[in-house]
Amino acid sequence: MKPILYQVREFSATHARGSKGFHSGYARRAGTIGNDGFDHAAGRMRLMKHVFWRSAIAVVLGNAIYFAGERFLPVPAQHQSFQIDWGLAVDFWVCLVCYGLIRLIR
């Protein structure tokens, strides 16, 4: 992850309300718009949205699979409400497998 760098131009008469606008260059994050003209910050936001939706789908699907088959699991692997137990670990593992499958299918 790159550190946030700032490019600040000094105020002068040539920069004041010039052709690029009054705030051109002030506190602009270096590296957000590359030399290719692509807005890299927007690309990162789009990637974050994809990762969020993948993980949300994996959690919902994993919990649905776990709770549908919970009655067939041994008693220690069944989750007891409002307790930290092995059932949570099994549920987490099922969600993790679902996330891996979603990444694989992608």
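Throughout, read-outs are computed from the coordinates displayed, never taken from laboratory work. Treat the numbers as computed from the prediction; the structure is a model and nothing was measured. As a convention, Cβ positions derive from the backbone with ideal geometry for all residues, glycine included, and neighbour counts pool all protein chains shown.
Rounded to the nearest 0.05, what FRET efficiency do Gln83 and Met48 give with R0 = 41 Å and r taken as the Cβ-Cβ distance? Could you check?
0.80
If you project the alpha carbons of the range 32-103 onto the principal axes, what extent comes out on each, in Å, largest first?
Over the range 32-103, Cα extents along the principal axes are 59, 22, 13 Å.
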